[in-house]
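Read the structure below first, then the notes.
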Amino acid sequence: MSGRVLSIQDLSCVGRCSLTVALPVLSAMGVECAVLPTAVLSTHTGFPGPQCLDLTDRLADFSAHWAQQGICFDAVEVGYLSDPAQARLVGDILNRFGKFVVLDPVMGDSGRLYRGISPDHPEALKTLCKQADVLLPNVTEAALLTGLPYRQEPEDDFLQELAQGLLALGPDSVLITGVRREDKVGFFGISPSDGSFSFFEDYVPRSLHGTGDLFAAAFTGAWMAGRSVPEAGALAARFVRRCVSATGAVTPFGASFEAVLPWLWQQLSGPESPKSSKSC
Ligand code: PXL
């Protein structure tokens, strides 16, 4: 496989999430992962009192240097932004470099915003949605973006409503992750070529930090390898479930994904038609 992805999200130094999972996961899928850290944090915000070096003021300079060097990317994956003001800057970067865009509008979970995410965040992220080829919210984020109420176990009709509300924001495809159904968990989505689709498997009752970021990275790698949106989603969901199962205890250090990377590599060892550009 081949290709170069730009992953735009924070570098949380401790507690597997964001760039510390995107880098190993995309590497294990044979994809070169370039990074643009939106902030450097001592830990993710699930630990109390993290130190944060916000990089809002540097994003444009870093990307200007890449443009000057003729650097390009086959895809851009966007995750956690540390400040709503970053949405406009990331929008400019996507205009310049975003041939294929996977947007995970990281803001919250279980019906609430993450600690430190401002109430202006959903409005700012809405402006980025039209630049996304694939939008990957969890149920909480889908509710925040559409203004619909959060439901812990959304029914099919409500998922359709959420997905239609998200499509109205302008992405080509949407895939809503972390959908609970009794003893199952999975996703529901809509794409132009596949219509609506869903995927469910047994729920492993452990809530761990960074699983959405693991999903987004594995999804991006599989999608780069030529998988369709539902296929890439299914591979990412199976990967995350294995990571959660491999994790002994629930701690803020996240999911023990390392031992599952060889499995991920094997899934993509067959013939693929990578989405990589000739001009890169
Ligand atoms: O996994 C999402 C995430 C990413 N980045 C930071 C976070 C979180 C979730 O809490 O705190 C800094």
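This model, with +1 at the C-beta of Lys and Arg and -1 at the C-beta of Asp and Glu, gives region 143-245 a dipole about its Cα centre of some 400 debye.
Among the protein heavy atoms of region 194-239, carbon and sulfur supply 44% of the accessible surface, probe 1.4 Å, non-protein parts ignored. Region 15-67 and region 207-237 have Cα centres separated by 18 Å.
Close Lys pairs in the chain (alpha-carbon distance under 21 Å; sequence gap of 8 or more, or different chains): 5. Could you please state, rounded to a whole Å, how far the C-alpha centre of region 166-190 is from the C-alpha centre of region 131-156? Here the two parts' Cα centres lie 7 Å apart.
Remark: region 133-280 carries 44 Å² of accessible area per residue (probe radius 1.4 Å; ligands, DNA and RNA excluded). Each peptide in 101-108, 23-30 receives the mean, over its residues, of other Cβ atoms within 10 Å, and ordering these scores from highest gives 101-108, 23-30.
Rounded to the nearest 5, the antiparallel percentage of DSSP beta bridges internal to region 70-220 is 65%. Counting only protein heavy atoms and a 1.4 Å probe, region 1-123 has 41 square angstrom of accessible area per residue. Each principal axis of the Cα cloud of the chain was evaluated for its coordinate range; sorted largest first, these ranges are 52, 45, 39 Å. Within region 141-280, the proportion of C-alpha pairs whose separation exceeds 22 Å stands at 43%. Percent antiparallel among DSSP beta bridges with both residues in the chain, to the nearest 5? Counting only bridges with both partners in the chain, antiparallel ones make up about 50 percent. The packing ranking, built from the mean of other Cβ atoms within 10 Å per residue, places the peptides 112-120, 167-175, 68-76, 132-140 in the order 132-140, 167-175, 68-76, 112-120, highest first. Surface composition of region 1-158: carbon and sulfur make up 51 percent of the accessible area, probe 1.4 Å.
Exposure here means at most 14 other Cβ atoms within 10 Å; with GluC sites (Glu not before Pro) in a DSSP loop as sites, the longest stretch of the chain lacking them is 1-154. Among complete DSSP H helices in the chain, those whose alpha-carbon atoms stretch at least 15 Å along the helix's long axis and whose mean Kyte-Doolittle hydropathy reaches 0.5 are 211-224, 229-245. In the chain, with Lys and Arg counted as +1 and Asp and Glu as -1 at Cβ, which of these residues, SER173, SER269, VAL102, has the Cα nearest the positive end of the dipole, that is, farthest along it? Comparing the listed Cα positions along the dipole, SER269 ranks first.
So if I place +1 on the C-beta of Lys and Arg and -1 on the C-beta of Asp and Glu, and nothing else carries charge, what would the dipole magnitude of the chain be about its Cα centre? I want it in debye, nearest 20.
Details: 21 positive and 30 negative charges, 89 e Å.
That gives the chain a dipole magnitude of about 420 debye.
Relative to the Cα centre, what is the charge dipole magnitude of region 9-143, using +1 at the beta carbon of each Lys and Arg, -1 at the beta carbon of each Asp and Glu, and rounding to the nearest 20 debye?
I would put it at about 80 debye.
The values are calculated or read from the model by the stated rules, or taken from the named source; none is laboratory data. Because the structure is predicted, anything quoted here is derived from the model rather than measured. No Cβ is skipped: glycine too gets one built from the backbone with ideal geometry, and neighbour counts run over all protein chains shown. Ligands, DNA and RNA are stripped out before the accessible areas are found, and what is left, the full protein with its side chains, is counted by its heavy atoms. Shrake-Rupley method; radii C 1.70, N 1.55, O 1.52, S 1.80 Å.
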